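Below you'll find the structure, written out as C-alpha cells, and then a few comments.
The values are calculated or read from the model by the stated rules, or taken from the named source; none is laboratory data. In this text, all values refer to a predicted model and were calculated from it rather than measured experimentally. Every residue, glycine among them, receives a Cβ derived from its backbone with ideal geometry; neighbour counts consider all protein chains shown. Note: areas computed on protein heavy atoms with side chains; ligands, DNA, RNA excluded. Shrake-Rupley method; radii C 1.70, N 1.55, O 1.52, S 1.80 Å.
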Amino acid sequence: MKRKGIFSTSNIYAYVALKLLWFLLALFASQVIFYFYNGSIFHLEGSDWLGFLYGNLRFGAATVTAVGIVFSSMLLLPFPWRRKQWWLTIAEVMLIIPALVALITNIVDIAYYQFTYRRISSEILLYLTIGGDMGNLLPKFVVDYWPATVSGLVLAILLGIFERQTVLTEKHQFHHSNLADLASSLIAVVVFFIILRGGFSSSIQLSDAARNVSIQNSALVTNSPYTFLRTLHNPNTFPQEVMTEQEALAIYNPHFSLSPKNNTLPTFDPTLQDESSMVLENNKKHMNVVIIVLESFSQEYMGCYNTQGESFTPFLDSLAQKSQVFDGRSNGKKSIEAIPAIFASLPTLMEAPFSLCRFKDNDIVGLPQVLRDNGYQTAFFHGSYNGSMDFDKFCKKAGFQQYFGMDEYVWRRGKKAYDGTWGIFDEPFLQYAIGELSQMKEPFMGGIFTISSHHPYTIPQEHIGKFKQGNHPLLQTVNYGDYALQQFFATASREPWFNNTLFVILADHPGQGLTPQYNGLNGSHRIPMMFYSPSWAKDSSATAAHKPVHSQKIVQQTDVMPTVLDYLQIPCSNLVCFGHSALDSHPGYHIYYGNGYHCLVVQDREHPEQNRIAAIEGKTTIGNEEDVNKLRAIIQSYQHRMEQNALVTRTRRR
C-alpha cells in the first residue's frame, strides 16, 4: 500500500515538478541566508533586489534541473514501470542525496566565502589531499560557524519533510493513454532542457550573473553547486578575445627589464653622489634577501595603514617607521595563489591556482632560480606539514634548493610546538628559521611563510590572555604573529648576516574584511607591503636616500620579484613577470580574479590617492576604455602564455 502525503497527485509531471520545487525553494533560502550572513561584503538596494530574485530563479532552476537530471529522466521518460513503487523509491534516492549534497555545498559557502570571496568550484576537489588536518579542522568549522551549521540542518530537515510529503498516487485507468504519455514526456523533456540551459537563448554561463546584479554582487546570483558543476566542465574562465596578439602586446608587455638609473623612485633607490654611496650601490647585488609572508594579515588590522581603527601590530607599526611602505595588494584570496605570485610573478587569473591547474608543468623562472644563478643559496620555510598546498613541489620548481617544513622542524625540535591543526606555531618556527638561515652561505635568499593567524585561530597555551582581543578571533592571532615577528627580528639582529639583508614583509592575502572600506573591488585585497634593510639606518650616506616613506603607490604581490631584482640590479633576459618593479615610474596597478570576473585597480597618475577600477565579467564591463583594454591585454597575454607554455622567453635559434 502506497503511503499518503500532504502533497499527493496522480500526475507524474506535477509530482516531478513539486519534488524539484522544494529543492529550488531550499536552495533559494540558503542564498538569502548567504546574503545576510555576508552583509559586510555585499550591498543590494533598489532594483538590485529584482536582479537578485530573477538571477537566483534562473541559476537556481538550472542547478535544480542539473542536480535532478537522473531523477527527472527516470520519471519523465515513458518507461512502462515508472509508476512502480520500487522504481519511485530509487528515483527519490537519486534526487534527495544529490540535492542534500548540493544544499550542504551552498551552506558551507555561507562561511567559506568570507575566506576566498569566490564561490566553491570544482577546484575544491584538488584541495582535499593538500589542506590541513581535516580530522581536527572539520569539527572546529562546524562549531565556530554554528549559524551556517544550524541553517543547514534546518533547511535539510525541511527539505526532507516536504520531499517525503510529496507522493505519487495511482493513476486512474480512464486516463491511461500510451500516446498521451509519449507526447507529455516529449514536452516535459523539452521544457526540462530549456530550464537546464537557462532559457531559450544561448546556454547560461557563470559570467551571466553580472547581467542581473553588479559585478561585485555576482556571487549572490550564482550558487555553489552550479559553480561546481560548471567548472567541472570548463575550469578556465577567460573573457572573449577582442584584440590581436600584436595589439595586446602593444598595450601590455610582461617581459622583465631593469629600470633606468634615472627612472627609480628617489624614496627607495639610493642614487647618491659621494664615494661611500657608490660602495653601497656596488655591494647591493650581494645583499641577502628574506621575504616574509604573513598569513591573513590585512592593512585593516595595522596602525601604520589604518589610522582610524585599532592596531593589532605594534611591532610592524614601529618597523614601518624605518621602512619603505607601499599600498600592498594580493593577487588572490588563497595562500596557494600567493606563492606563485610572490616568487614567480604569476597571478591566478582563472578558477584553479597555478600549482593545481592543467598548466602546472609549464616552464617558469622563479626568483629563487634567478638568484641561484647569481651565486645565492635559497631556502623556503613553512611551518605546516610537508605537502601542504603543494608548496614543496612549487618551491622546487621555482628554484628553492632547500625546503624546511613541519617535518624538518619536528625532526630537530620535537612536536611540542604543534598547534593541533596546521603546523608549528609562528614564534618557535621563526626562531628555527633563523638557525637554518645562519648556516647558509651568503648571499642567501629565504622565503618564510607563517601559519598561526589562520582558522581556527589558536595561540600557544603559555600566551593565552597576553594578546589583544578584537571583534574577530583572527585579531588575537594577528597580534601574536606580530609578537612572533618581533622576536624574530630581535634574534636575527644578533646574527652577522642581518645588516646585509633586504627584508620584504607582506601577506599571502588579507583576512576577513571587517569594515566596508576593506571589502569591495578596491578594498578586499589590501595587504601590508614593506621593504626594510638595517643597512639603510647603519650607513649614514644611505639614511637620506632611504628616508622612511609611506607611499600611496600600489604594489601587488607579482611586483615583488621584479622589484627585488631591480633593487639588486640583477638582469634576467628570459624573465616573464606579470608585475612591475616598484622602482619604475609607472603608476601602480593591481590585477586579480574574483567570483567569475577579472578586476584591474589602477592608481591615477594625477591623483595618486585615487584609484580607478576596471572589471570584466562575460560581456559586462565597468571602467574607462583604456583601463578595460589594459585588463583585456593582460588576461590575453596570460592566457596565451599559459596555453603555449611561454612563461619563459626563449632565444630563437638561427
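Quick notes on this one:
- Qualifying residue in region 548-564 (condition: over 24 Å from G447 (Cβ atoms) and touching a Pro at 6+ places or on another chain (Cβ under 6 Å)): yes
- Taking the numbered list (1) of a type in the set (F, W, Y); (2) open to solvent by 10 Å² or more (accessible area, probe 1.4 Å); (3) at pLDDT 95 or above in turn, W411 passes all entries but (3).
- So N479, is it farther than 30 Å from Y112 by Cβ, not acidic (D, E) and not in a loop (DSSP other than H, G, I, E, B): no
- Applying the criterion of being part of a helix (DSSP H, G or I) and among the aromatic types (F, W, Y) to the residues of region 140-168, the residue that is surrounded by the most Cβ atoms within 10 Å (Cβ to Cβ) is F162.
- When the residues of region 1-19 are filtered to those that are in a loop (DSSP other than H, G, I, E, B) and touching an Asp or Glu at 6+ places or on another chain (Cβ under 8 Å), the one that is modelled with the lowest pLDDT is K2.
- Residues within region 482-535 that are closer than 20 Å to S318 by Cβ and open to solvent by less than 10 Å² (accessible area, probe 1.4 Å), tallied: 19
- Among residues of region 352-374, those that are open to solvent by 20 Å² or more (accessible area, probe 1.4 Å) and either basic (K, R) or part of a helix (DSSP H, G or I) (or both), counted: 5
- Only listed residue being touching an Asp or Glu at 6+ places or on another chain (Cβ under 9 Å) and either over 20 Å from S453 (Cβ atoms) or modelled with pLDDT under 95 (or both), chosen from N288, N283, N331, N374: N288
- Unmet requirement for Y457, which otherwise passes all of (1) surrounded by 15 or more Cβ atoms within 10 Å (Cβ to Cβ); (2) closer than 29 Å to G366 by Cα: (2)
- Qualifying residue in region 473-496 (condition: in contact with a helix residue (DSSP H, G or I) (Cβ under 6 Å, 6 or more places away or on another chain), modelled with pLDDT under 95 and of a type outside the set (S, T, Y)): no
- N362 vs. criteria among the polar types (S, T, N, Q) and without any contact (Cβ under 8 Å) to a residue 40 or more places away in the chain: no
- Region 460-481 - residue that is open to solvent by less than 20 Å² (accessible area, probe 1.4 Å) and out of contact with any Gly (no Cβ under 6 Å at 6 or more places or on another chain) and, of those, farthest from P428 (Cα to Cα): L475
- In the condition set (1) over 30 Å from S524 (Cα atoms); (2) out of contact with any Leu (no Cβ under 9 Å at 6 or more places or on another chain); (3) not β-branched (V, I, T), F36 is compliant with all but (1).
- Which listed residue, of F228, F256, is modelled with pLDDT of 90 or more, open to solvent by 10 Å² or more (accessible area, probe 1.4 Å) and of a type outside the set (D, E): F228
- Residues that are more than 26 Å from the chain's Cα centre (by Cα) and open to solvent by less than 60 Å² (accessible area, probe 1.4 Å) were ranked within region 375-386; the one that is nearest to S335 (Cα to Cα) is T378.
- Among residues of region 452-465 that are assigned to a helix (DSSP H, G or I), none has a Cβ under 7 angstrom from a residue that is open to solvent by 20 Å² or more (accessible area, probe 1.4 Å) and among the aliphatic types (A, V, I, L, M) at a sequence gap of 6+ or on a separate chain.
- Enumeration of residues in region 428-449 that are open to solvent by less than 20 Å² (accessible area, probe 1.4 Å) and either free of Cβ contacts under 8 Å to residues at least 12 places away in the same chain or part of a helix (DSSP H, G or I) (or both): F429, L430, Y432, A433, I434, E436, L437
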